[in-house]
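The values are calculated or read from the model by the stated rules, or taken from the named source; none is laboratory data. The structure displayed is predicted, hence computed values, not measured ones. Reconstructed Cβ throughout: ideal geometry from the backbone, glycine too, with neighbour counts over all protein chains shown.
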Amino acid sequence: MTRTLILGGGLTGLVTAERLQAEGHQAVVLEKEATPGGACRTEERGPYHFDYTGHLLHVARDETREYLDQLGVWSGLIEHDRRAAIHLGGAITPYPIQIHTWGLPPEIRRDCLLGFIEAWAAQRPEPANFSQWVLDRFGEGLGRHFFFPYNEKLFRARSEELSLDWVGRYVPKPDLKEVVDGALGLHDQAVGYNARFRYPIEGGIRRLADAVAEKVSNLRLETEVVA
């Protein structure tokens, strides 16, 4: 039997402790906040629930579904179709933007379409960071109007500082026809890894963290570690 100290009661720390316990080991989780979950928490304001960040469940593996079922969470998840839009240039157009520029002002739509065509026709070296990857795959227009400001706000880092190990699954990469169709309003297919997802019926995404926390026997909240 091993004894493990886990710093942080986010979802990773909680699941690690729960799995160690299930295998007969001891684990102590120290969490500085008053509630567990880390970024997987939900604040209540009257009848409304606000998640700390976007959490959409895509359960592709049987073992994940089985684990959620063991936690008593699976039956409380319902499947949704994504209904997301982008507000840009005083207009609203469906997400993802690269195949839905039809709803944008003409000058922005022109920038995005011409930039994509130029990038599509160019021969460039292998990109070293997210900024170069966007310019190579989508062009300057889509980068300047959407990809750079959106992702820099999301990750709180400059696009040149972002690596590429996450883009393969999470950023849809349409071909030229799909982009042109999207500029003309001819594309109506839901694309991307999160076109459909599961989410708790009630309680917000913290329902997931709370379910794991209930099984962790030694979780110490409001306990900050100072080096």
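Worth pointing out:
- Sole exception among (1) at positive phi; (2) touching a helix residue (DSSP H, G or I) at 6+ places or on another chain (Cβ under 8 Å) for Glu152, by number: (1)
- Check on Leu56, modelled with pLDDT of 95 or more, within 19 Å of Leu154 (Cβ to Cβ), surrounded by 11 or more Cβ atoms within 10 Å (Cβ to Cβ) and not small (Gly, Ala, Ser): no
- Condition check for Tyr150: hydroxyl-bearing (Ser, Thr, Tyr), surrounded by fewer than 17 Cβ atoms within 10 Å (Cβ to Cβ), under 28 Å from His80 (Cα atoms) and out of contact with any Pro (no Cβ under 9 Å at 6 or more places or on another chain): yes
- Listed by position, the strands (runs of 3 or more DSSP E) contained in segment 20-115 that have at least 1 residues being free of Cβ contacts under 8 Å to residues at least 24 places away in the same chain are 42-45, 48-51, 85-88, 91-94.
- Pairs meeting the criteria (first residue in segment 122-135 and farther than 17 Å from Phe146 by Cβ and in the same structural domain as Pro174 (by TED's automatic domain parsing), second residue assigned to a helix (DSSP H, G or I) and not charged (D, E, K, R), beta carbons under 7 Å, at least 6 apart or on different chains) are Pro127/Trp133.
- Scanning segment 156-197 for residues that are part of a loop (DSSP other than H, G, I, E, B) and under 19 Å from Val134 (Cβ atoms) yields a total of 16.
- Of everything listed in (1) under 30 Å from Val15 (Cα atoms); (2) out of contact with any Phe, Trp or Tyr (no Cβ under 7 Å at 6 or more places or on another chain), the single unmet condition for Leu77 is (2).
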